[in-house]
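The values are calculated or read from the model by the stated rules, or taken from the named source; none is laboratory data. Everything numeric here is computed off the predicted structure, so don't read it as measured data. All Cβ positions, glycine included, derive from the backbone under ideal geometry; neighbour counts span all protein chains shown. Side chains are part of the model used for accessible areas, which takes the heavy atoms of the whole protein and leaves out ligands, DNA and RNA. Shrake-Rupley method; radii C 1.70, N 1.55, O 1.52, S 1.80 Å.
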Amino acid sequence: MANAKRIQKDLETLRDISAGSGEGTTRLSYTPAYRKGVEYLKEQMRAFGLVPHEDGVGNLYGDLTGQNPDAPKIISGSHLDTVHCSGYFDGQAGIICALEAARMLKESGEPLNSTFQVMATIMEEGARFPSLGGSRFAIGEHTEETMENTFDMDGVKLGDAIREYGLSGNLEETRRRPEDAKAFLELHMEQGLKLDQTGTDLGIVETIYGSRWFILTCHGATSHPSTPMDIRKDTALAAYKLITNIADTVARDYAGKATVTSGRMQLYPNDINAIPSRSQFSIDFRSGKLEHLDALEALMREQVRLIEKAYRVRFDIALHSAAPPTDNNPVLSKMLEDSAEELGYSHMRMDSGAGHDAMIFAKIWNIAMLFVPSRDGYTHCRQEWTDYENLAKGADVLYRAIRKIDKL
Ligand code: HGY
Ligand code: MN
Ligand code: MN
Ligand code: MN
């Protein structure tokens, strides 16, 4: 059975070596904190005979070689990067539970036929570069051109960040092929309330919600706050009106079907007593149905037209990143479910409101996701929490499902 103490030690060590800003865990891609996290994982991999290697953009792999090294691999993992001031379970728990499954495989003395590969992806969060970047490079969706025309909030080019971090940026050694793997499994915290509120040990994911992120720039004119309301070109009020009109519509017409958030807002010149001539902000749509994402994008564009007229401003709309709703492989999901059942762990079928690397790997491999509870639904903050015993149950299920997949 999985060792909850080992899981705890790994997660708390990773937490303590991140860029501790006091307010939670911050480990952005291509930073010194990220490098320290990768080196720690490599040590833990080597200690159990896994051979670690990083690809050209910073995805880390650890191989527990099987009896038939040429057979398609079984891969499990998640992301090592975080949003700012996050918790230390999001993404990280999936890596450590995959590592724990590898340790259990090693300790069992019964090698698999396939190589089991633990994976830690980079750039999954959009906190520095657009989200799901490591996996998109791995499947060939991102190219050399992406490295040259993608910048972080400080204007650092992605290609420079990769090279300055000490990686080759070589996409040949980064590329993963359909024939590489027979399964990709991602354990992740639910980042919602269902498992916690129902006291259920594990979630078997059916659909991963799709996402569509936009960056809108509103252009107006700086003027004095005493400028009459009906002639000013106030890009902040226009932005707030747009966001609340969209949010009110989603809350009213898409309850339980879609959500919207605006997590980033920048105003220029950002002074109390100057009407902003420019606002730049994000819109993040999520839904399990493509038609809802399309309808919400159309709603946003319609609202932009109305507000441009009413506020005498102009909007630019840029798509920042998008991923379609993604179904999990039913055979692999059933194996996770049967494994939980055989172990006597409670489980339920559910969707994932959050996006994951698994939805990108689903384009080339069969994927399945296993959820562990998020206490009170907290995530992307210091309060994020999953009991270590629950993570051990997740690792037990991963281990058992890996054995089943190996016999396919
Ligand atoms: O944004 C997400 O859904 C995930 O936390 N990267
Ligand atoms: Mn996240
Ligand atoms: Mn995550
Ligand atoms: Mn993920």
Within region 357-384, which residues are out of contact with any strand residue (DSSP E or B) (no Cβ under 6 Å at 6 or more places or on another chain) and within 16 Å of ligand 1 (Cβ to nearest atom)?
-> I360, G377, Y378, T379, C381, R382, Q383, E384
In region 268-286, is there at least one residue being part of a helix (DSSP H, G or I) and not β-branched (V, I, T)?
-> no
Test E206 against the stated conditions and say whether it is farther than 19 Å from L296 by Cα and either surrounded by 21 or more Cβ atoms within 10 Å (Cβ to Cβ) or more than 19 Å from the chain's Cα centre (by Cα) (or both).
-> no
With criteria (1) outside any loop (DSSP other than H, G, I, E, B); (2) buried (at least 17 other Cβ atoms within 10 Å of the Cβ); (3) within 16 Å of ligand 1 (Cβ to nearest atom), L319 comes up short on (2)
Return the total of residues in region 86-103 being within 11 Å of ligand 3 (Cβ to nearest atom) and modelled with pLDDT of 95 or more.
-> 7
Here are some conditions: (1) farther than 20 Å from A183 by Cα; (2) surrounded by fewer than 24 Cβ atoms within 10 Å (Cβ to Cβ); (3) hydroxyl-bearing (S, T, Y). T82 meets all but one. Which one does it not meet?
-> (2)
Those residues of region 49-69 which are open to solvent by 30 Å² or more (accessible area, probe 1.4 Å), modelled with pLDDT of 95 or more and part of a loop (DSSP other than H, G, I, E, B), in sequence order | G49, T65, Q67, N68
Positions within region 319-347 being of a type in the set (A, V, I, L, M) and either under 30 Å from T150 (Cβ atoms) or more than 22 Å from the chain's Cα centre (by Cα) (or both), in sequence order | L319, A322, A323, V331, M335, A340, L343
Which of (1) under 30 Å from V331 (Cα atoms); (2) more than 16 Å from ligand 4 (Cβ to nearest atom); (3) open to solvent by less than 20 Å² (accessible area, probe 1.4 Å); (4) among the charged types (D, E, K, R) is the odd one out, the single condition D152 does not satisfy?
-> (1)
State which residue is surrounded by the most Cβ atoms within 10 Å (Cβ to Cβ) when the search covers only region 350-402 and only residues that are among the small types (G, A, S) and away from ligand 2 (no atom under 16 Å from the Cβ).
-> G394
Of the residues in region 324-349 that are part of a strand (DSSP E or B) and buried (at least 21 other Cβ atoms within 10 Å of the Cβ), the one that is farthest from ligand 1 (Cβ to nearest atom) is H347
What is the one condition in (1) free of Cβ contacts under 8 Å to residues at least 40 places away in the same chain; (2) among the polar types (S, T, N, Q); (3) not in a loop (DSSP other than H, G, I, E, B) that S226 does not satisfy?
-> (3)
Residues of region 70-92 being more than 12 Å from ligand 1 (Cβ to nearest atom) and assigned to a strand (DSSP E or B), in sequence order, are K73, I74, I75, S76, G77
Of the candidates T143, T174, the one satisfying the condition of being free of Cβ contacts under 8 Å to residues at least 60 places away in the same chain, hydroxyl-bearing (S, T, Y) and more than 16 Å from ligand 4 (Cβ to nearest atom) is T143
Under 26 Å from Q383 (Cβ atoms), touching a His at 6+ places or on another chain (Cβ under 7 Å) and in a loop (DSSP other than H, G, I, E, B) - does that describe any residue in region 27-41?
-> no
Restricting region 176-206 to residues that are over 19 Å from S346 (Cα atoms) and touching a Pro at 6+ places or on another chain (Cβ under 7 Å), the residue that is nearest to ligand 3 (Cβ to nearest atom) = A181
